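**Q** Got a structure here, written out as structure tokens. Questions coming.
The values are calculated or read from the model by the stated rules, or taken from the named source; none is laboratory data. Being a predicted model, the structure only gives us computed values, none of them experimental. Cβ atoms come from the backbone with ideal geometry, glycine included; neighbour counts cover every protein chain shown. What goes into the accessible areas is simple: the full protein's heavy atoms, side chains included, and nothing from ligands, DNA or RNA. Shrake-Rupley method; radii C 1.70, N 1.55, O 1.52, S 1.80 Å.
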Amino acid sequence: MTHTTEPDADAAGYQCKNEFMATAARAGTHRYGGAKARPRTSSASLELEAFSAVPYALLVLDRDGRVVCRNQQATRLIEAMGLAEAGLTCCALLGCGVSDTVLEGACLTELAAAREAALPEIRVDIELPAGPSAMWVTAASIAGAGARVVLQLRPGAAGDRRQRTSPHWISGPRLRIRTLGRTVVESAEGPIGGAWLDQRTGQLLKYLVAERQRGVAVDEIGESIWPGADYQVGTSVRYYIHALRRKLEPARGHREPSAFITARAGTYRLDLDHVDVDADEFEAHVTAGLAAAERDPQAAAEEIEQGLALYRGDFLADMPYAEWAMPERHRLHDLACIGLRRLADIRQERRVLDGAARALERLATLQPFDEDVHRRLMELDIAQGRRSDAVRRYAALRTRIRQTFGHEPDFTPADLARPRL
């Protein structure tokens, strides 16, 4: 029987045969019941046959993403794309790193080599003479193969309506922690809730959030969260660090480093490259708005409002008595008050009185004993003809001041109608 070969198929097959034999040699030999080791040449041949028989394009890549061997389906695809085979890389084949694509800023070879498990399928659109064609692509590192990665490209089936999305694992794992108000933890897969947030594992996470700008020593963590604990507190901290990592990253490999909690020289800290904390976003917006208040009041007000929208309550409100949370809670509370005061000033200067009143009303809630804030709010009520609201606010403030401090407020309702000097 006469066999026809694809162009360069013999060369590709020869490359793959050498590659599989080399992989078998690197992987070592089998032992059976203590008998002498035997080479895995038959296994390598079987693997090569399976590799060649797969109906989808398969390519083996080296650590730099260069194609070291491919099956016939891959050869056909490369030729259809009009690509040069010499020195071909996964980036040239798939468009790794190209802006506005699913692989923007990423290389599939690097992603696969860094993981123990195969990457989930993603849709990549490649250019063919007939026009763009959807391919479902996955990759996996080959154990014992000297930093080799196998890549599979499967044509999209007719009627497959899955979207071309940017999976979270391409940009790296992400964790979002909401701390302003009640604590909420979310990963790319959804919320990570449950009773654990109020138990020791959750307390540890909240402590690391409070100290997120530095690495914290094991003993300091233990003494801060569980004061008076015995000398074995270090062991407890390490145990709960392990439990916390398992809770946040259930799919993490046994030897795979944590993306969210790093360890260095006996300290632990959150990796803020992969962990987003709403308190930081709040602070960034308000600080930017305050800095822009003089040169562009309208843009400053919008920036401050965007930050204040994130301030849903005190920092770690579900840990009201934790002393280690208080410095950060007070700092962020003060920043929210400064932002609201500046926002009220901007709105009042631009005669947006309703906006100024909303900012002052919220500020009055955060500063219930600040008479100047309450007076400004009552003056706005009177300026807008809402005298009953002003009297109601004054009565509530008077009761609060008398019950707490034992004296009357520094102003009376009659003073509100008179302009201040």
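**Q** Looking for whichever is open to solvent by less than 60 Å² (accessible area, probe 1.4 Å), small (Gly, Ala, Ser) and not in a helix (DSSP H, G or I) here; the options are Ala279, Ala317. Which one fits?
**A** Numbers: Ala279 fails: not in a helix (DSSP H, G or I).
Within the list Ala279, Ala317, the selection yields Ala317.
**Q** Within region 264-274, how many residues turn out to be open to solvent by less than 90 Å² (accessible area, probe 1.4 Å) and among the hydrophobic types (A, V, I, L, M, F, W, C)? Break it down into steps so the answer makes sense when it comes.
**A** At the first step, the residues of region 264-274 found to be open to solvent by less than 90 Å² (accessible area, probe 1.4 Å) are 266-272, 274.
Then keep just the ones that are among the hydrophobic types (A, V, I, L, M, F, W, C); that gives 270, 272.
Qualifying residue count, region 264-274: 2.
**Q** What are the residue pairs meeting all of these: first residue in region 44-70, first residue among the aromatic types (Phe, Trp, Tyr), second residue open to solvent by less than 40 Å² (accessible area, probe 1.4 Å), Cβ atoms under 8 Å, and 6 or more apart or on different chains?
**A** Phe51/Cys16; Phe51/Phe20; Phe51/Leu58; Phe51/Asn71; Tyr56/Leu153
**Q** Please work out if Tyr311 is among the hydroxyl-bearing types (Ser, Thr, Tyr), touching a residue at least 60 places away in the same chain (Cβ under 8 Å) and part of a loop (DSSP other than H, G, I, E, B).
**A** Working: among the hydroxyl-bearing types (Ser, Thr, Tyr): yes; touching a residue at least 60 places away in the same chain (Cβ under 8 Å): yes; part of a loop (DSSP other than H, G, I, E, B): yes.
In short, yes.
**Q** For Gly339, are the conditions met, namely being outside any helix (DSSP H, G or I) and open to solvent by less than 70 Å² (accessible area, probe 1.4 Å)?
**A** On the way: outside any helix (DSSP H, G or I): no; open to solvent by less than 70 Å² (accessible area, probe 1.4 Å): yes.
Answer is no for this residue.
**Q** How many residues are part of a helix (DSSP H, G or I), closer than 18 Å to Ile126 by Cα and in contact with a Phe, Trp or Tyr (Cβ under 9 Å, 6 or more places away or on another chain) when one looks only at region 43-101?
**A** Qualifying residue count, region 43-101: 2.
**Q** What residue, of Ala383, Ala414, Ala395, is on the phi < 0 side of the Ramachandran plot, at pLDDT 95 or above and either surrounded by fewer than 17 Cβ atoms within 10 Å (Cβ to Cβ) or of a type in the set (A, V, I, L, M) (or both)?
**A** None of the others qualify; the one that does is Ala395.
**Q** Given the condition in contact (Cβ under 8 Å) with a residue 40 or more places away in the chain, among the basic types (Lys, Arg), open to solvent by 20 Å² or more (accessible area, probe 1.4 Å) and in contact with a helix residue (DSSP H, G or I) (Cβ under 6 Å, 6 or more places away or on another chain), answer yes or no: does some residue in region 183-204 qualify?
**A** So far as region 183-204 goes, yes, one or more of its residues are in contact (Cβ under 8 Å) with a residue 40 or more places away in the chain, among the basic types (Lys, Arg), open to solvent by 20 Å² or more (accessible area, probe 1.4 Å) and in contact with a helix residue (DSSP H, G or I) (Cβ under 6 Å, 6 or more places away or on another chain).
**Q** Another one. State the number of residues belonging to region 355-371 that are open to solvent by 40 Å² or more (accessible area, probe 1.4 Å) and either free of Cβ contacts under 8 Å to residues at least 24 places away in the same chain or not in a helix (DSSP H, G or I) (or both).
**A** Total satisfying the criteria: 7.
**Q** Follow-up. So which residues in region 342-354 are open to solvent by less than 80 Å² (accessible area, probe 1.4 Å) and either touching a Gly at 6+ places or on another chain (Cβ under 6 Å) or not hydrophobic (A, V, I, L, M, F, W, C) (or both), if there are any at all?
**A** At the first step, the residues of region 342-354 found to be open to solvent by less than 80 Å² (accessible area, probe 1.4 Å) are 342-348, 352-353.
Across region 342-354, the qualifying residues are Arg342, Asp345, Arg347, Gln348.
**Q** When residues of region 214-263 are filtered for being within 30 Å of Gly190 (Cβ to Cβ), open to solvent by 70 Å² or more (accessible area, probe 1.4 Å) and not in a loop (DSSP other than H, G, I, E, B), how many remain?
**A** Here the count works out to 5.
**Q** Among the candidates His285, His330, single out the residue that is open to solvent by 60 Å² or more (accessible area, probe 1.4 Å) and not polar (S, T, N, Q). Spell out the reasoning first.
**A** Numbers: His285 fails: open to solvent by 60 Å² or more (accessible area, probe 1.4 Å).
Just one listed residue meets the conditions, His330.
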